[in-house]
Amino acid sequence: QVHLQESGPGLVKPSQTLSLTCTVSGASITTNYYYWSWIRQPPGKGLEWMGAIGYSGRIYYSPSLKNRTSISRDTSKNQFILRLSSVTPEDTAMYYCAREGSYSDYDFKDYWGKGTLVTVSS
């Protein structure tokens, strides 16, 4: 079974960079035709797709976060990494990584990490 696990600091200071790593087991992040996504959920709000890195290394970002978001990967470790710069308290959220794909016009996320809470506070 595919397993994803988020890791990184749970507390980040305002203006600094949030960095999280998703470690994947049971599947290669380079396998056609999946994408590896970051999604977050602020307290009391819905899920927000942040971006993804595809099996080929192509990167996609949410327009609302593009200027602050960087996604990369380490294929030797089967990991992909999220960096969100210039964070504010509004970036406090549960952060998830997930495997993403598509079928016809349907986009799906079939495997999720359990999430990690990141709090932005002084």
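The values are calculated or read from the model by the stated rules, or taken from the named source; none is laboratory data. Please read these numbers as outputs of a predicted model, since none were measured by experiment. Glycine gets a Cβ as well: all are built from the backbone with ideal geometry, and neighbour counts include every protein chain shown. Just so you know, the surface numbers come from the protein's heavy atoms only, side chains and all, with ligands and any DNA or RNA stripped out. Shrake-Rupley method; radii C 1.70, N 1.55, O 1.52, S 1.80 Å.
Tabulated data
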| quantity | calculated |
| --- | --- |
| Selection from the range 70-91 of residues that are without any contact (Cβ under 8 Å) to a residue 40 or more places away in the chain and β-branched (Val, Ile, Thr) | Ile71 |
| Search result, residues across the range 49-69 that are buried (at least 18 other Cβ atoms within 10 Å of the Cβ), β-branched (Val, Ile, Thr) and either over 13 Å from the mean Cα position of the chain (by Cα) or over 15 Å from Ser86 (Cα atoms) (or both) | Ile53 |
| Residue list for the range 16-48, filter: out of contact with any Pro (no Cβ under 9 Å at 6 or more places or on another chain), within 12 Å of Leu82 (Cβ to Cβ) and of a type outside the set (D, E, K, R) | Thr17, Thr21, Cys22, Trp36, Ser37, Trp38, Ile39 |
| Residue check for Ser122: in a loop (DSSP other than H, G, I, E, B), surrounded by fewer than 16 Cβ atoms within 10 Å (Cβ to Cβ) and modelled with pLDDT under 95 | yes |
| Cross-chain or 6+ apart pairs with Cβ under 8 Å, the range 92-106 first and over 9 Å from Leu117 (Cα atoms) and charged (D, E, K, R), then surrounded by 15 or more Cβ atoms within 10 Å (Cβ to Cβ) and modelled with pLDDT under 90 | none |
| Flag if Arg73 is among the basic types (Lys, Arg) and closer than 17 Å to Val118 by Cα | no |
| Whichever residue in the range 93-119 is modelled with pLDDT of 95 or more and in a loop (DSSP other than H, G, I, E, B) and, among such residues, is most open to solvent (accessible area, probe 1.4 Å) | Lys114 |
| Leading residue by the ranking (least open to solvent (accessible area, probe 1.4 Å)) among those in the range 8-35 that are among the polar types (S, T, N, Q) and part of a loop (DSSP other than H, G, I, E, B) | Ser28 |
| Yes/no for Gln5 being open to solvent by 80 Å² or more (accessible area, probe 1.4 Å) and part of a strand (DSSP E or B) | yes |
| Qualifying residue in the range 84-92 (condition: surrounded by 12 or more Cβ atoms within 10 Å (Cβ to Cβ) and touching an Asp or Glu at 6+ places or on another chain (Cβ under 7 Å)) | yes |
